[in-house]
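Every number in this text was worked out from the coordinates using simple rules, so none of it is lab data. Values in this document were obtained by computation on a predicted structure and should not be read as measured data. Here the Cβ is made from the backbone with ideal geometry for all residues, glycine too, and neighbour counts use every protein chain on show.
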Amino acid sequence: MIVVMSRKATSEQINDVLARIKSMGYRPHLSQGEERTIIGIIGNERKLDPDQFTIISGVENVIPILKPFKMASRDFKSEQSIIKVNGVHIGGNTIAVIAGPCAVESYEQTLKAAQAAKRYGATLLRGGAFKPRTSPYSFQGKGREGLEILAQVKKEVGLPIVTEVLAAEDVDMISEYADMLQLGARNMQNFALLERLGKCNRPILLKRGMMSTVEELLMSAEYILANGNPNVVLCERGIRTFETSTRNTPDLAAIPVVKKLSHLPVIFDPSHATGRRDLVIPMTAAALACGADGIIVEIHPWPDEALCDGPQSLTIELFAEMMEKVAKIAAAVGRST
């Protein structure tokens, strides 16, 4: 349920509504725009009678939100959210490009990937220090050493860092190095971790689970929002189907569906969606045409020697080619890079 205040509502009237919500055992969420102040009521509001608020001075309207995801919905916020990551905007008119290696393997590898990312127009640097792997014998990442490498490369290249967090107890430590925390597909419904991320001060990149519905993705985002962190970017990265010609099946229809249901930005991961280097560029073009707010893509200076996801990582030359197409598609759909 949301309480819409009138344009002429005073601070005292707004505070009165906030106090009333708290006294009833709910948590208010204040959203002040240029024309309207909206107060969301967080909790199981089905027991609430809207008339309890319509009689309060300064209240213009009370609107029940029927969707299970409240704060992530367009009902709660009609305009597109723009998430800021250390000066970089995700959402709005600009296409964001997050690029870098799947895993931090060495300082030289990460630096070369970051330099190429910056040279050809990427706005954020991705790189995994902690890697969730299907096999316990696969490369699991370099841990804190990988974070230190990312931090050093950031000093030299200047791109903000996006890296994955696997456990709630690591959030504070990783936040010391990273500008944005990524929650991978396998952890999309790790509710303890979602709640912890809702209490941290870093923007969150939330990837859709490989067997999760759009509604389940939005409900996971709701955990983060409801716990106090409004800075969430969603990521479509393909889902598991019976098709075996690609690593996953890219669900491009999910991009406009999510953007209709939610105000949160949506980006696309062509590397994990396809698992094939030769499909990354065409799927990037398709995703941007579908309305994606950005791309997260894996690049590697020597992908054939990569310790993780080499077959889906772009060479530096292919990344340069991709960025040329990104600029053309962005212009064609009325956006910029």
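Figure the gain on full extension for residue 325 and residue 12 (residue separation times 0.36 nm, minus the Cα-Cα span) and round it to one decimal in nm. Show your work: numbers first, answer last.
Numbers: separation 313, 0.36 × 313 = 112.68 nm, distance 5.25 nm.
Answer, rounded to one decimal: 107.4 nm.
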Quick check: the distance between the Cα centres of segment 72-99 and segment 217-284, to the nearest angstrom? 15
Residues in segment 73-111 reached by a label modelled at residue 148 [backbone nitrogen below 13 Å; 7 Å Cα→Cβ]: 107
Lysines within cross-link reach of residue 8: Cα-Cα under 26 Å, excluding same-chain residues under 8 positions apart? 22, 70, 77
What is the set of long-range amide H partners of residue 314 at a cut-off below 5 Å, with H atoms built 1.01 Å from backbone N? 298, 299, 300
Check the straight Cα-Cα distances from residue 112 and name the aspartates and glutamates below 18 Å, setting aside those fewer than 8 residues away within the same chain. 145, 148, 156, 298, 304, 305, 309, 317, 321
Using alpha carbon centroids, what distance separates segment 1-70 and segment 321-335, in Å? 42
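Past 21 Å, Cα to Cα: identify those pairs from 47/67; 207/325; 199/260, in the order given. It would help to have the intermediate numbers written out before the result.
Numbers: 47/67 16 Å; 207/325 24 Å; 199/260 27 Å.
From 47/67; 207/325; 199/260, over 21 Å: 207/325; 199/260.
Once the Cα gyration tensor of the chain is diagonalised, what are the square roots of 5 times its eigenvalues, in whole Å and ordered largest first, as equivalent ellipsoid semi-axes?
38, 20, 19
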Can you return the aspartates and glutamates within cross-link range of residue 155? Criterion is Cα-Cα under 15 Å, with same-chain partners fewer than 8 residues away left out. 108, 176, 179
As a check on your grasp of the helix formula, calculate [θ] at 222 nm for the chain: sum -39500 (n - 2.57) over DSSP H runs of n ≥ 4, divide by the residue count, round to the nearest 500. -10000 deg cm²/dmol
Residues whose built amide H sits under 5 Å from the amide H of residue 65, excluding neighbours closer than 5 in sequence, are 2
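With all pairs of different alpha carbon atoms counted, what Kirkwood hydrodynamic radius in Å does segment 2-63 show? The partial results should precede the final answer.
On the way: mean 1/r = 0.0874 Å⁻¹.
The Cα-based Kirkwood calculation yields 11.4 Å.
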Bridge orientation stat for segment 83-332 from DSSP, antiparallel percent rounded to 5, came to 15
Whole-Å semi-axes of segment 75-221's equivalent ellipsoid (Cα gyration tensor): 24, 20, 14
In segment 1-45, which residues have a backbone nitrogen under 14 Å from the label point lying 7 Å from residue 52's Cα in the Cα-to-Cβ direction? 1-3, 17-28, 41-45
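Rank by packing, highest mean first: peptides 327-334, 75-82, 144-151, with packing defined as the count of other Cβ atoms within 10 Å averaged across residues. Walk me through the numbers on the way to the answer.
Numbers: 327-334: 13.1, 75-82: 16.0, 144-151: 18.9.
The most tightly packed comes first, giving 144-151, 75-82, 327-334.
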